[in-house]
Amino acid sequence: MDKEDEPLLVSTSSSKKKTILIIIAFTLAAILAASTIVISIKLKSKYSDYDNLEIKYNNLNNQYLNQNSSINDVFKCVHDLIANTTMSNTTIKKDDYKDVKKKFELMKNFSDGTYNYITQEKTSYKNGYQVGFETKSRGNDNYYSDEEYDNIVYKIAALLGINADLGVYSHKPEISFHIINKDLAFSLAAIFNQQTIFDWANNDILPNPLHQEKYFRI
């Protein structure tokens, strides 16, 4: 081979090396870019997970504070109710609450609505809240004897200082009480583990935040 061909060979060999180096450089750059994107996504995901955990923590903390506040309201309202009520001076007549369940038989065919327990006249309220005391398990025929049922309805009425109401829905009568004070209404709902109370002013059902499904059969 002639000597003048050597520079061409050297040049060609050098070009190949440069090409290979360029390819390697681009490959490394692509890998680095891909790695950066993956790391960025993972970091973003971690930040997102952290943010979600922080949100969940704040929600749980707020829920605890709300429940703690509600429990304090329950204790205060029940304490005030008991402290300020003299059973012997109640205007509620015990004789009106004898054989309560017999009224159920008389009223189960009434049209749906809320009725005054004493007069059996249909009634409604512009404000306040309607609260029951029975749950599904405590509403069955075997939970309270007739005497026990009469007694508990009378005692609640006497403590509140108001006569009971009787709601009829789908031919099923149920005792409830009309309470003006919202805290007291929720207190009674909490004590008797009601799922909801009824808001007359807004024609709305309000959930009981202290309803305990885990510890009380419904």
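General remarks:
- Reported count of residues in the stretch 134-171, each being in contact with a Gly (Cβ under 9 Å, 6 or more places away or on another chain) and not small (Gly, Ala, Ser), is 2.
- LYS155 outside any loop (DSSP other than H, G, I, E, B) and either of a type in the set (S, T, N, Q) or assigned by TED's automatic domain parsing to the domain that holds LEU188 (or both): yes
- Considering residues of the stretch 158-180 that are in contact with a Ser or Thr (Cβ under 8 Å, 6 or more places away or on another chain) and under 15 Å from TYR97 (Cβ atoms) only, the residue surrounded by the fewest Cβ atoms within 10 Å (Cβ to Cβ): GLY161
- Residue match in the stretch 141-154 (condition: in contact with a Leu (Cβ under 9 Å, 6 or more places away or on another chain), of a type in the set (A, V, I, L, M) and either without any contact (Cβ under 8 Å) to a residue 40 or more places away in the chain or buried (at least 18 other Cβ atoms within 10 Å of the Cβ) (or both)): no
- Of the listed requirements (1) in contact (Cβ under 8 Å) with a residue 40 or more places away in the chain; (2) surrounded by 11 or more Cβ atoms within 10 Å (Cβ to Cβ), ALA201 misses just one: (2).
- Residue count for the stretch 167-177, restricted to those that are modelled with pLDDT of 95 or more and either over 19 Å from ASP112 (Cβ atoms) or not polar (S, T, N, Q) (or both): 2
Per-residue answers, yes or no, for (1) charged (D, E, K, R); (2) modelled with pLDDT under 95; (3) not assigned by TED's automatic domain parsing to the domain that holds ASN203:
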| site | (1), (2), (3) |
| --- | --- |
| LYS101 | yes, yes, no |
| ASN109 | no, yes, no |
| ILE118 | no, yes, no |
| TYR129 | no, no, no |
| TYR143 | no, yes, no |
| ASP146 | yes, yes, no |
| LEU159 | no, yes, no |
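The values are calculated or read from the model by the stated rules, or taken from the named source; none is laboratory data. All values derive from a computational prediction rather than experimental measurement. Glycine also receives a Cβ, built like all others from the backbone with ideal geometry; neighbour counts cover every protein chain displayed.
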